[in-house]
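**Student:** Sharing a structure here in structure tokens format.
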């Protein structure tokens, strides 16, 4: 299994020493309540109602816990490449028992069976990945989804005005221009389609301190 020596691994906020600051920084600088609520609503309103959800790049388990709270019938698997953040996630969700599980793994090589998931959520993950790894991760998400299953992505999109462009430039300095190039150009929906998804659409946008955040959906099959 992969670990921090794997060149594909990227820690929270792009730097290992920032792991402890990730959650409070998110709360202060992001429209966290709005976009996480929108992700959960989009996941639970899938038809038929989902039973298995994969939280890809789950980090410290904030979204995983909210999913478990929102629907007691869900079985949720969180995947991340960092055992430190997974330990935090396990502590955060301990009260939910076996219906919430975590595995260490990489987004482009998921330890998940084919067509076993109803929904895959990738929240603020893809902009950390190189262009090639980004596409492989999306292809892996398609592989593990059942026919008709839904991919939900919350990540950076093309800035639509000068303030958002300046905000996103700050994030690019932190996370790298190569990894964020497709996001800045608005190419993420087309990459999702290239990975095999259909009915790809940008469902919502939010202005944040780091740029324009988008919620994108796609259907497997």
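**Student:** If you take the beta carbon distance between residue 170 and residue 44 as r and set R0 to 30 Å, what does 1/(1 + (r/R0)^6) give as a FRET efficiency, to the nearest 0.05?
**Tutor:** Numbers: r = 33 Å, r/R0 = 1.11.
Efficiency for this residue pair is about 0.35.
**Student:** Can you compute the modelled spin-label distance between residue 187 and residue 130, with each label point 7 Å from Cα toward Cβ, in nm?
**Tutor:** 1.5 nm
**Student:** Still on this structure, I have one more. Could you let me know the centre-to-centre spacing of the stretch 167-221 and the stretch 73-116, using Cα atoms, in angstrom?
**Tutor:** 23 Å
**Student:** May I pose another question? At 7 Å along Cα-to-Cβ for each site, give me the label-to-label distance between residue 73 and residue 114 in nm.
**Tutor:** For residue 73 paired with residue 114, the spin-label model returns 2.8 nm.
**Student:** How long is the gain from residue 204 to residue 51 if the chain were fully straight, where each residue apart is worth 0.36 nm and the alpha carbon distance is subtracted?
**Tutor:** On the way: separation 153, 0.36 × 153 = 55.08 nm, distance 2.42 nm.
Length gained between residue 204 and residue 51: 52.7 nm.
**Student:** According to a simple spin-label model (label point 7 Å from Cα along Cα-to-Cβ), what is the distance in nm between residue 90 and residue 33?
**Tutor:** Taking the simple label geometry, residue 33 and residue 90 are separated by 3.2 nm.
**Student:** Another question about this same structure. Quick one: order 79, 121 by neighbouring beta-carbon count within 10 Å, fewest to most. Working shown, then result.
**Tutor:** Details: 79 25, 121 28.
Going from least to most buried by this count: 79, 121.
**Student:** Still on this structure: For the stretch 26-126, take the convex hull of the Cα atoms, compute a quarter of its surface area, and give me that in nm², please.
**Tutor:** On the way: hull surface 25.7 nm².
Taking a quarter of the hull surface, the average projection is 6.4 nm².
**Student:** Normalising by the residue count of the stretch 12-219, find the relative contact order in percent from Cα pairs under 8 Å and 6+ residues apart. Walk me through the numbers before you get to the answer.
**Tutor:** Numbers: 381 pairs, mean separation 40.7, N = 208.
For the stretch 12-219, the relative contact order is 20 percent.
**Student:** Could you work out the relative contact order of the stretch 87-170, using alpha carbon pairs under 8 angstrom and six or more residues apart, expressed as a whole percent?
**Tutor:** Numbers: 75 pairs, mean separation 26.6, N = 84.
It comes to 32 percent, rounded to a whole number.
**Student:** With each run of n ≥ 4 DSSP H residues scored as -39500 (n - 2.57), what mean residue ellipticity at 222 nm is computed for the chain after dividing by its residue count and rounding to the nearest 500 deg cm²/dmol?
**Tutor:** On the way: 8 runs with 83 residues, N = 221.
The helix-only estimate for the chain comes to -11000 deg cm²/dmol at 222 nm.
**Student:** With a ≥ b ≥ c taken as the square roots of the eigenvalues of the C-alpha gyration tensor of the chain, please select rounded if a/c is under 1.5 and otherwise prolate if a/b is larger than b/c or oblate if it is not?
**Tutor:** Working: a/c = 1.36, a/b = 1.18, b/c = 1.16.
Here the chain falls in the rounded category.
**Student:** Which order results if 32, 83, 140, 113 are arranged by neighbouring Cβ count within 10 Å, fewest first? Could you put the intermediate results ahead of the total?
**Tutor:** Values: 32 16, 83 13, 140 21, 113 9.
The fewest-first ordering by Cβ neighbours comes to 113, 83, 32, 140.
**Student:** Can you give the log10 of the normalised intensity I(q)/I(0) at q = 0.23, 0.26 Å⁻¹, computed with Debye over equal Cα scatterers of the stretch 72-118?
**Tutor:** -0.89, -1.04
**Student:** With a 10 Å cut-off between alpha carbons and a GNM built on the chain, which of 127, 136, 183 moves the most?
**Tutor:** 136
FYI, it's all coordinate maths here, none of it is from the lab. Quick caveat, the model's predicted, so the values are computed rather than measured. Please note: Cβ atoms are built from the backbone with ideal geometry, for glycine as well, and neighbour counts cover all protein chains shown.
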